[in-house]
Amino acid sequence: MTVAISVSNLQKSYASGTIALKGISLEVEQGDFFALLGPNGAGKSTFIGIVSTLVTRSGGKVRVFGRDVDTHVYQTKIDLGVVPQEINFSQFEKVGDVVRTQAGYYGLPRKLAAERSEKYLRQLGLWEKRNDRSRSLSGGMKRRMMIARALVHEPRLLILDEPTAGVDIELRRSMWDFLLEINRAGTTIILTTHYLEEAEQLCRNIAIIDEGRIIENTSMKKLLLELDSHAFILDSDATLEDEVDIDEPGLSLRKIDSHSIEAVLSGGRDINSAIAALDRLGVRIISMRNKANRLEQLFLSRLRGNGGEGN
Ligand code: ADP
């Protein structure tokens, strides 16, 4: 097994006195799609900054594909493609130029640089925009352009800091599909997110970071089993006159407003049992949706150890 990233006892104190990382140890295997998940301020960007050699660490070791990043600066840069959270390109440059210039930094010959730019701009749906100034792009397009730029030298490891922040839902899906595809084709991917749903859709393995510490490092599957609980909102066509308050093993139903009921299922109970219970009460369900951020809520309550609702 090749390890794409290995960090041990990583520490970071900013000059301001903030201790952003308090000794993080972590390995990400080659080929993995890995999520670093945590609330704002947890230390995710700091971690990414250090691994991509943009932020100086205060302590610890970082190896990328087995090489110490301090002694293999050039090779580390070749191996890595980084998509930062903040916009860091010249807004006056044309889209195609931003991507081609980056290829130049990596020493790609002109022809190859042009080919690669076209390839990734096309894949990310930006080819038509190649002659537009980058500042004219929407937020989601800017982020996609930064992904194209990060991929132009075809790194083995792509690191994305909150890739879908500010990207609308439809585009988020197509970005997810794109990332899954390049991961299937062999690129190791690490992303940070504070949406558990995003990690759940994309990632095989996950580390949860909070206040500069890793509090969980496991497979997505195991985490989901652990957090085996699914919340749905069920909508009724009629006004719900009476309270709905059912609490059985694995099934809880509660009226949340005059037309909706929250259903929480666990222990393998299926949605049919919720519908059947409501049917017995004479409540007809006409639509249903996943409750947003269901896992995140669970998780934050667990994390804060308050055992209660939300955060
Ligand atoms: P996340 O990406 O998880 O939101 P960050 O790594 O950005 O977290 O931040 C971790 C902590 O470090 C926060 O308390 C943040 O305010 C602080 N921090 C981040 N960057 C800097 C900086 N350049 N100078 C001082 N403090 C910083």
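The values are calculated or read from the model by the stated rules, or taken from the named source; none is laboratory data. Bear in mind that the values here come from a model prediction, so they are computed numbers and not experimental data. Methodologically, a virtual Cβ is constructed for each residue, glycine included, from the backbone with ideal geometry; neighbour enumeration extends over all protein chains shown. Accessible surface areas use protein heavy atoms only, side chains included; no ligands, DNA or RNA. Shrake-Rupley method; radii C 1.70, N 1.55, O 1.52, S 1.80 Å.
For the cross-link pairs LYS44/LYS111; LYS77/LYS291; LYS77/LYS222; LYS22/LYS222; LYS44/LYS142; LYS221/LYS291, the ones whose C-alpha atoms lie over 31 Å apart are LYS44/LYS111; LYS77/LYS291; LYS77/LYS222.
At q = 0.10, 0.14, 0.21 Å⁻¹ the log10 of I(q)/I(0) for region 62-157 amounts to -0.27, -0.50, -0.99, computed by Debye summation with a single uniform scatterer per C-alpha, solvent ignored.
The portion of the accessible surface of the chain made up by carbon and sulfur, rounded to a whole percent, is 47 (1.4 Å probe; DNA, RNA and ligands excluded). Think of region 186-285 as a dipole: +1 on every Lys or Arg Cβ, -1 on every Asp or Glu Cβ, centred on the Cα centre; then among SER236, ALA276, GLN201, GLN201 lies furthest on the positive end. Protein heavy-atom accessible surface, 1.4 Å probe, per residue over region 3-224: 45 Å². Taking amide H as placed 1.01 Å from N in the peptide plane, the amide H of VAL3 sits under 5 Å from that of GLN30, each at least 5 places away or on another chain. Using Cβ point charges alone (K and R +1, D and E -1), the dipole size of the chain about the Cα centre works out to roughly 1820 debye. The distance from the alpha carbon centre of region 11-57 to that of region 218-251 is 34 Å, rounded to a whole number. Prolate is the label for the chain. Its Cα gyration tensor axes, ordered a ≥ b ≥ c, give a/c of at least 1.5 and a/b above b/c. Among the GluC sites (Glu not before Pro) in region 38-137, those located in a DSSP loop and surrounded by at most 16 other Cβ atoms within 10 Å of their own Cβ are GLU86, GLU93. Residues whose amide H falls under 5 Å from that of VAL83, counting only those 5 or more places apart or on a different chain, are ILE159, LEU160, ASP161, with hydrogens built in the peptide plane.
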